[in-house]
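The values are calculated or read from the model by the stated rules, or taken from the named source; none is laboratory data. In this text the structure is predicted, and so the values were computed from the model without any measurement. We place every Cβ from the backbone using ideal geometry, glycine too, and count neighbours over all the protein chains shown.
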Amino acid sequence: MIETHKLVIREWSEADRPREKLLEHGRRSLTNAELIAILIGSGSTEETAVELCRRILSDAENNLNSLSKLEASDLCRYRGIGYAKAISIIAALELGRRRNEAEPEAKPILNSSRRVYEYFRRHMQDLAHEEFWVLYLNTGCKVIDKQLIGKGGIDFTPVDVRVVLRFALNTKASSLILIHNHPSGTLDASQADKDMTKKIVDGAATLDIKVNDHLIFADTSYFSFRDEGLL
């Protein structure tokens with residue numbers, strides 16, 4: 001009699017391994033069983049992780065809502081599932097539930113300095129050092145991404161224009177809004193602020209990306225390059 005050998009995930013062909021499949025073809029290409037198999041990593045001597053997860057799902061009528069109601073003790077009845085693996089499954093399903101409950105982050109249209117200030121002021125309040133941020137916007141002036149570009153002392157923040165523009169290209173941004181704070185509370189733009197703004201404006205223009213504004217934040221107010229005619 002020929003003894004059969006159950007393949008563990010690492011012995012499968014590259015195309016069949018769930019982790020490799022996710023990296024190569026994207027998360028949507030995996031079945032529910034394959035996704036859960038990634039969580040548990042291995043099955044038992046009798047079945048692979050994916051086969052085990054197919055069986056667990058089958059017992060739950062292939063319904064993730066039913067699966068999410070199982071306790072750790074219920075999952076541990078399956079050979080190959082210990083408490084550590086059961087807790088991983090439960091935690092992942094709970095994160096999915098909380099994601100469904102979470103409200104998406106509001107993305108206001110940032111087409112005025114006041115709207116930018118109200119949107120971003122909580123990030124800049126009570127800082128004892130300077131920070132330089134960039135908001136990356138789509139054609140509708142909604143935020144695609146926000147990045148902290150530099151952090152400095154009381155009155156200086158290093159800013160690498162190449163980093164600013166690299167994020168702009170990666171996010172396919174149509175425009176930018178520059179933001180930094182003055183911990184001293186001074187709202188006037190320094191010559192260094194103006195020179196740095198011009199460098200970013202000129203660099204962005206070569207990529208057909210517009211700098212909509214540069215705001216300097218203090219604790220209770222702000223200075224807008226656009227409003228002051230400096231852009």
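Residue by residue through region 148-170, note down the ones that are crowded, with 18+ Cβ neighbours inside 10 Å and of a type in the set (S, T, N, Q).
Selection gives 157 alone.
For residue 126, state whether it is touching a residue at least 60 places away in the same chain (Cβ under 8 Å) and within 26 Å of residue 222 (Cβ to Cβ).
When the stated conditions are applied, residue 126 passes them.
Where in region 158-231 are there strands (runs of 3 or more DSSP E), lying fully within it, with 1 or more residues that are basic (Lys, Arg) and within 28 Å of the chain's Cα centre (by Cα)?
Strands (runs of 3 or more DSSP E) meeting the threshold: 210-217.
I need the full set of residues from region 85-108 which are farther than 19 Å from residue 64 by Cβ and surrounded by 12 or more Cβ atoms within 10 Å (Cβ to Cβ), in order please.
107, 108
Any residue at all in region 187-195 that is crowded, with 19+ Cβ neighbours inside 10 Å and closer than 22 Å to residue 141 by Cβ?
no
Condition check: touching a residue at least 24 places away in the same chain (Cβ under 8 Å) and touching a Lys or Arg at 6+ places or on another chain (Cβ under 9 Å). Does residue 217 satisfy that?
So residue 217 fits the description; yes.
What do you reckon, is residue 171 among the β-branched types (Val, Ile, Thr), free of Cβ contacts under 8 Å to residues at least 12 places away in the same chain and assigned by TED's automatic domain parsing to the domain that holds residue 135?
no
Go through region 47-88 and count every residue that is of a type outside the set (S, T, N, Q), closer than 19 Å to residue 18 by Cα and out of contact with any Leu (no Cβ under 6 Å at 6 or more places or on another chain).
Count: 12.
Working carefully through the options 165, 75, find the one that is more than 30 Å from residue 40 (Cβ to Cβ) and touching a helix residue (DSSP H, G or I) at 6+ places or on another chain (Cβ under 8 Å).
165
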